[in-house]
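The values are calculated or read from the model by the stated rules, or taken from the named source; none is laboratory data. Please read these numbers as outputs of a predicted model, since none were measured by experiment. Neighbour counts are summed over all protein chains in view; Cβ atoms, including those assigned to glycine, are modelled from backbone coordinates with ideal geometry. Only protein heavy atoms, including side chains, enter the accessible area calculation; ligands, DNA and RNA are left aside. Shrake-Rupley method; radii C 1.70, N 1.55, O 1.52, S 1.80 Å.
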Amino acid sequence: MCPISETTNLAPLCAGTGLYEHIGSMMWTSVPSAIVCVIVYTLLGLGTKGEAVAESTTAMMECLDSIFSWNIILLLPFAVIIIAAVKKAPAIPTMVLAAFCALLLGTVYQGFDLTAGLNACLGGTNPASFGVADASVLTSETTSLISKGGMKGTAGTIITVFAGYVYSAIVSHCGFMQTAIQPIVKLCRKNPFTLVLGTLVTDGALMACAGSSYPAHIITGEIFRKEYAEMGIDARVLSRTMEDFGTVGSPLIPWSGSGAYMAGLFGIQAYGPGGWALLAINAWLNSVVALILAATGIGMYKLTDAEKAAALERIAAEDKV
């Protein structure tokens, strides 16, 4: 739900709604799931005996203490993002301003080299960016943690998104998509519940096949945006539903980027003995909440006749481009 998150921006773009309308719509499914997670994890935590902090964690914290000076002022970039979200500011200026604040803090408060900071904006950070001449003095976990980011690091995401748009445009304008999805769409036209269910299944299946949420959102938006408009449901419900499993549920797919990352992070597979998939509550509960809302009509933003006509006209005009 962060306004500078890539999927939070991509989903409403694919569905044809605004960023903050999308975020507001996501509250209907994300907040109930978050409340359940807090309750369940609190109860599990109270019933679990604590253990000593791992030596590797302690060593990493000591390394970070040797590199950085900690102060509440370091939360300034996050404060910028939160204020911008409340003010509903555009995503790109928000990211630029937050990045500028981080760069300013790094040079003025932390004492890092400005040139290194600017290079990090492009190519990402590494130990040398923080004045560490000999990276061997750091633990491997610390080096991995601080060696990330940069605009070059987003190249893979940008290429995937562009490729998804190109593929979607080709199969749509050649008529392949209409033929392929016709059986699915027919089943989803019965009522809002079947429409939301079909969206969840389609986005989830595409995400599982591609291993990424990006092409899944692009293609699902192309498939269902007209169906939602014809049923008189606002596009913000479509964008929310795409994220309810296509984004939030992606860790449940072991070969997706999120699934592979979490398995590597925890050293435990999602499924099988000791698997964490069942405890990743919000990964599957969001979809359940989405179906409950669809069945009850709660949180299902309805279009007026004039809004429905305008939405269908806009979609028809976009399809001709």
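Candidates W255, W276: the one that is in contact (Cβ under 8 Å) with a residue 40 or more places away in the chain, aromatic (F, W, Y) and either over 21 Å from W28 (Cα atoms) or open to solvent by less than 20 Å² (accessible area, probe 1.4 Å) (or both) is W255. Of all the numbered requirements in (1) open to solvent by 50 Å² or more (accessible area, probe 1.4 Å); (2) in contact with a helix residue (DSSP H, G or I) (Cβ under 8 Å, 6 or more places away or on another chain); (3) not in a loop (DSSP other than H, G, I, E, B), L44 misses one, and that requirement is (2). So for region 125-140 (the condition being without any contact (Cβ under 8 Å) to a residue 12 or more places away in the chain, under 18 Å from the mean Cα position of the chain (by Cα) and open to solvent by less than 50 Å² (accessible area, probe 1.4 Å)), does at least one residue qualify? Looking through region 125-140, none of the residues is without any contact (Cβ under 8 Å) to a residue 12 or more places away in the chain, under 18 Å from the mean Cα position of the chain (by Cα) and open to solvent by less than 50 Å² (accessible area, probe 1.4 Å).
Picking from residues in region 14-25 that are open to solvent by 10 Å² or more (accessible area, probe 1.4 Å) and in contact with a Gly (Cβ under 8 Å, 6 or more places away or on another chain), the one that is farthest from S287 (Cα to Cα) is G16. Just one of (1) within 26 Å of the chain's Cα centre (by Cα); (2) open to solvent by 70 Å² or more (accessible area, probe 1.4 Å); (3) touching a residue at least 60 places away in the same chain (Cβ under 8 Å) fails for I292. It is (3). Counting the residues of region 179-226 that are in a helix (DSSP H, G or I) and either at positive phi or of a type in the set (S, T, Y) (or both) gives 7.
Taking the residues in region 103-116 that are assigned to a loop (DSSP other than H, G, I, E, B) and touching a helix residue (DSSP H, G or I) at 6+ places or on another chain (Cβ under 9 Å) as candidates, determine which candidate is surrounded by the most Cβ atoms within 10 Å (Cβ to Cβ). In this case the residue turns out to be F112.
Screening R189 against (1) within 25 Å of W284 (Cα to Cα); (2) of a type outside the set (F, W, Y); (3) open to solvent by less than 90 Å² (accessible area, probe 1.4 Å) leaves a single unmet condition, (3). Only one entry in T125, T143, T160, T154 is assigned to a helix (DSSP H, G or I) and modelled with pLDDT of 80 or more, namely T143. The residues on offer are S56, S66, and the sole one that is of a type in the set (G, A, S), open to solvent by 80 Å² or more (accessible area, probe 1.4 Å) and at pLDDT below 90 is S66. All conditions in (1) in contact with a Lys or Arg (Cβ under 6 Å, 6 or more places away or on another chain); (2) outside any helix (DSSP H, G or I) hold for H22, with the sole exception of (2). Considering each residue of region 83-102 in turn, none proves to be polar (S, T, N, Q), touching a Leu at 6+ places or on another chain (Cβ under 7 Å), in a helix (DSSP H, G or I) and closer than 28 Å to P3 by Cα. Touching a residue at least 12 places away in the same chain (Cβ under 8 Å), over 14 Å from T29 (Cβ atoms) and not aliphatic (A, V, I, L, M), is that true of G246? So G246 fails the test. If the condition is being of a type in the set (A, V, I, L, M) and either at pLDDT 85 or above or within 12 Å of the chain's Cα centre (by Cα) (or both), then region 229-274 contributes A229, M231, I233, A235, V237, L238, M242, V248, L252, I253.
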